[in-house]
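The values are calculated or read from the model by the stated rules, or taken from the named source; none is laboratory data. Since we're looking at a predicted model, the values are computed, not measured. Ideal geometry is used to build each Cβ from the backbone, glycine not excepted, and the neighbour counts take in all protein chains shown.
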């Protein structure tokens, strides 16, 4: 996957995750970072549970969004405002 595609999918996944888990806005860079890290967490978590969302960019975005929601939940659990 190219770097541009990774950034776009990361931004979409981070934005989608932040829409599901309401909190303070992260901005474009924050969404990309949360989305990329969320993709790693989401694929590990779904792989551990034995769940497959299929292949393609839509499943990549959904997996990243699931991971982003998990990261945002843990982040807000640790750093309550």
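Taking segment 1-43 as the search range and keeping residues that are loosely packed, with under 15 Cβ neighbours inside 10 Å and closer than 21 Å to residue 77 by Cβ, which one is modelled with the highest pLDDT? Only one residue tops the list, namely 40.
Would you be able to say whether some residue in segment 43-60 is assigned to a helix (DSSP H, G or I), under 8 Å from the mean Cα position of the chain (by Cα) and without any contact (Cβ under 8 Å) to a residue 60 or more places away in the chain? Looking through segment 43-60, none of the residues is assigned to a helix (DSSP H, G or I), under 8 Å from the mean Cα position of the chain (by Cα) and without any contact (Cβ under 8 Å) to a residue 60 or more places away in the chain.
Of the residues making up segment 44-58, those that are surrounded by 12 or more Cβ atoms within 10 Å (Cβ to Cβ) and modelled with pLDDT of 85 or more are 44, 45, 46, 58.
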